[in-house]
Every structure is written in structure tokens, then in C-alpha cells.
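Below you'll find the structure, written out as C-alpha cells, and then a few comments.
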Amino acid sequence: MYIIIGLGNPGGRYCLTRHNLGFMVVDELARRYAIQTARKKFRAEVGEGAIERAKAVLIKPHTYMNLCGLSVREAVSFFKPEPGRLIVIHDDLDLEPGRIQIRKRGGAGGHKGLASIIEHLGTPDFIRVRLGIGKPAVKEMVEDYVLQHFPPDELEGVAGQVSRASDAVAAIISSGLQEAMNRFNVRKRSAMQEETKD
């Protein structure tokens, strides 16, 4: 069984904000694999079904980002997933917009949701699917930046990023972590880089 957790904040005011990319990926996975996530449990929206023929639980914590570890701990205590079967999907300031990266483990990197999960689980050993959102020009603007709605001209790119992140989760389940990392952690060359190479 895989436990797949998308990080975000509940409520309509946070829909389509940078901090809610994790929720958006869970919604896409639920759509693709016909998993209903309306059930309320573990202070979260929860849905159980199958992804790539493996049993999976989709979770969207409703504790707000800073306290999401409470919800994650309850779910993990209940389902008791095997090592390597907890996947957390989240936005990441340290990756450029549109980029996706899979990591086996790591620290919080300043992300309050990850910090809460690490605190409540007592370990940083869980898979992360990181979705790049870039950084604001001024460090002090980070909190406002992550809670801003995506501008209309970025929504097509965001939809593509969410789709690729959903592909990445499916690949982790169907092909294994290492193969998924090999596939999705590669930076695409820009046209300028290709011209320079020649």
C-alpha cells in the first residue's frame, strides 16, 4: 500500500495558489484513477483505490500547512505503510517554476509543511515529489508569494507541471523509485544550450 499525501491549505481562497500544488496533484491522481476523496478522516480528505494496480490512499490534510504533520501522523499510524511507501507532494521554492524532482529523503528546506511532518513522524525518511515554484525577488516576500494565486498566463504551464508530477507518482509505484528519479530528475536543455553545444 502507498500513502500519497498532497500538501496545501483547505478552502476556496487557497485554490490555485502556489502552496497548493500538492493538493492539485492529488486531485489529478484522483481524477485519473477514479478515486473518490470526499471521505473525512485523519483531519483530511481521504480516498482509497488503486494506482498502477497497487493499493493507494490519497490524502489532502485539512489542518493547514503548518500543522499537516498531525494529519500525516494519524494516517501513517493507522495504515502503517512499509518503508518507501509514503510519498509527499509539495511546492518547492528552490526549484525553478515548472520543474519536478523526486527525492528519497531530506530535510525540510524551510518548508513548514515538511517540517511539521518530520516533527510528528520523527523521521525525514519519506519520498518527496517536489514541484518548483521559484522564488520572489525579495526574501521577505516568501509568505505572500506562496499564497498568491497563479497568474492566468501561467495556468497552462501549471497544468502541465501537475500532469507530469502525477506521472512521476505513477512511475514511482509502477517502476520503482530509482527508475522514476532517472526519468523525472533530468533537467531539459533549453534551445540556447543546444545551440551552444553545437
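Quick one: net charge of Arg32's neighbours, Cβ under 11 Å, K/R +1, D/E -1? Could the numbers behind the result be given before it?
Details: positive: Arg31; negative: Asp27, Glu28, Glu52, Asp167.
Charge balance in the 11 Å sphere: -3.
Rounding to the nearest 10 and keeping the result within 0 to 90°, find how far the Cα-based axis of helix 112-121 lies from the longest principal axis of the chain.
40 degrees
As a test of the formula, what do you get for the chain when each DSSP H run with n ≥ 4 contributes -39,500 (n - 2.57) and the sum is divided by the residue count, at 222 nm and rounded to the nearest 500 deg cm²/dmol?
On the way: 7 runs with 75 residues, N = 198.
Taking each H run of at least 4 residues, the total per residue is -11500 deg cm²/dmol.
Using the Karplus curve 6.51 cos²θ - 1.76 cosθ + 1.60 with θ = phi - 60°, what ³J(HN,Hα) values do you get for each residue of the stretch 101-106, in whole Hz, with x for Gly and Pro?
These are the phi-based 3J(HN,Hα) values: 9, 9, 10, 6, 6, x Hz.
Tell me, what ³J(HN,Hα) does each residue in the stretch 18-25 have, in order and in whole Hz, if you take phi through Karplus 6.51 cos²θ - 1.76 cosθ + 1.60 with θ = phi - 60° and put x for Gly and Pro?
Here the 3J(HN,Hα) series is 4, 5, 9, 4, x, 4, 5, 5 Hz.
What does the net charge come to around His149 if you take all other residues with beta carbon closer than 11 Å to its beta carbon, with K and R at +1 and D and E at -1? Intermediate values should be presented prior to the final figure.
Values: positive: Arg13, Arg18; negative: Glu154.
Summing Lys/Arg as +1 and Asp/Glu as -1 gives +1.
How about the stretch 1-64: which GluC sites (Glu not before Pro) there lie in a loop by DSSP and see at most 14 other Cβ atoms within 10 Å?
Working: sites: Glu28, Glu45, Glu48, Glu52; in loops: Glu52.
Those that pass, being in a loop and sparsely packed, are Glu52.
Using each residue's phi in the stretch 44-60, evaluate 6.51 cos²θ - 1.76 cosθ + 1.60 at θ = phi - 60° and report the 3J(HN,Hα) Karplus result to the nearest Hz, with x for Gly and Pro.
These are the phi-based 3J(HN,Hα) values: 7, 8, 10, x, 10, x, 10, 10, 6, 6, 10, 5, 9, 10, 9, 9, 10 Hz.
Of the options Ala44, Leu93, Tyr14, report the single residue whose Cα projects farthest towards the positive end of the charge dipole of the chain (beta-carbon charges: Lys, Arg +1; Asp, Glu -1).
So the residue furthest toward the plus end is Ala44.
In the neighborhood of Ala50, defined by Cβ-to-Cβ distances under 15 Å, what is the net charge if each Lys or Arg adds +1 and each Asp or Glu adds -1?
Details: positive: Arg31, Arg32, Arg53, Lys55, Arg85; negative: Glu48, Glu52.
Summing Lys and Arg as +1 and Asp and Glu as -1 gives +3.
Compute from the Cα atoms of the chain the Rg and the Dmax, the latter being the longest Cα-Cα distance, and quote both in angstrom.
Over the chain's Cα set, Rg and Dmax evaluate to 16.3, 56 Å.
Using packing as a proxy for protection, rank 56-62, 143-149 so that the peptide with the highest average count of other Cβ atoms within 10 Å comes first. Walk me through the numbers on the way to the answer.
Values: 56-62: 24.6, 143-149: 15.0.
The densest-packed peptide leads the list: 56-62, 143-149.
Quick one: how many lysine pairs in the chain have C-alpha atoms under 17 angstrom apart, if they're 8 or more apart or on different chains? Before the final figure, lay out the partial values.
Working: Lys40/Lys60; Lys41/Lys60; Lys41/Lys80; Lys55/Lys80; Lys60/Lys112; Lys112/Lys135; Lys112/Lys139; Lys188/Lys197.
So the count of such lysine pairs works out to 8.
Explain nothing, just the number: dipole magnitude of the stretch 2-197 about its Cα centre with +1 on each Lys and Arg Cβ and -1 on each Asp and Glu Cβ, in debye rounded to the nearest 20.
On the way: 29 positive and 23 negative charges, 117 e Å.
In debye, rounded to 20, the stretch 2-197 gives about 560.
Read the figures in this text as sums done on the coordinates, not as results from a lab. The shown structure was predicted, so the numbers you read here are calculated from the model rather than taken from an experiment. Reconstructed Cβ throughout: ideal geometry from the backbone, glycine too, with neighbour counts over all protein chains shown.
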